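Each remark here refers to the structure printed beneath this line.
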Amino acid sequence: MNQTNLSSCSFTELADFLRHAQSPGVWSKSDFASLWAHQLSTPLWSELASQEVSSQSALGDASEEHLTFGTALLVAKAPLSLLLSVKQYAQSHREGGTAALPAEIALMLYYLSLATAWAIHRERITSMDGDSLQEGWRWALRQEWVDQATRRRFESALLDLTAKSG
């Protein structure tokens, strides 16, 4: 599927396509780049409100239609409760269940929620140790399809965590 088609389809069409394309090796790097861009531009409310992991109080400002995953994770100072909801959302997709996202996109979202919690609040929202966090963030940085803003978030969190650990 090319980037133009993927980026111009509705969320329902994208979800339907993803349900039918869960076999390994289906996605190219450009597909992942398009899927990641689509995820970052998706309004939080449309995704988190349907998840059992989220409560109305945790969503807070996410109920504003313009707040996207990208804005919350890369621009705004998202509250920890919202970052926890994003983490749980990513976990639920990564672990199967209603998986409408490829595992790589869910894993990137998961690690980005952890990196954002660390970068903004200096809080770990996971039981992972520092070495495991660094390994996950380095995995994210190795993905050629990740955008520059996401890459900067991981680089910043990784440098800070490394300095704090050392």
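The values are calculated or read from the model by the stated rules, or taken from the named source; none is laboratory data. Keep in mind that what you see is a predicted model, and the values were worked out from it rather than measured. We place every Cβ from the backbone using ideal geometry, glycine too, and count neighbours over all the protein chains shown.
The table below lists the values:
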item	result
Test: residue in the range 82-96 that is farther than 17 Å from L44 by Cβ and among the aromatic types (F, W, Y)	no
Which listed residue is assigned to a loop (DSSP other than H, G, I, E, B) and buried (at least 21 other Cβ atoms within 10 Å of the Cβ), from L114, L109, L101	L101
Residue count, the range 142-166 (criterion: loosely packed, with under 15 Cβ neighbours inside 10 Å, within 14 Å of the chain's Cα centre (by Cα) and among the hydrophobic types (A, V, I, L, M, F, W, C))	1
Test result for L114, under 13 Å from the mean Cα position of the chain (by Cα) and either modelled with pLDDT of 90 or more or among the aromatic types (F, W, Y) (or both)	yes
Hits in the range 131-166 (condition: part of a helix (DSSP H, G or I) and among the aliphatic types (A, V, I, L, M))	L133, A140, L141, A149, A157, L158, L159, L161, A163
Residues that are among the basic types (K, R) and either out of contact with any helix residue (DSSP H, G or I) (no Cβ under 8 Å at 6 or more places or on another chain) or closer than 20 Å to E95 by Cβ (or both), drawn from the range 125-151	R142
Of the criteria (1) at pLDDT 90 or above; (2) farther than 19 Å from S41 by Cα, which one I105 fails	(2)
Count of the range 66-98 residues which are crowded, with 21+ Cβ neighbours inside 10 Å and part of a helix (DSSP H, G or I)	11
In the range 20-48, residue modelled with the lowest pLDDT [restricted to those that are of a type in the set (G, A, S) and surrounded by fewer than 15 Cβ atoms within 10 Å (Cβ to Cβ)]	S23
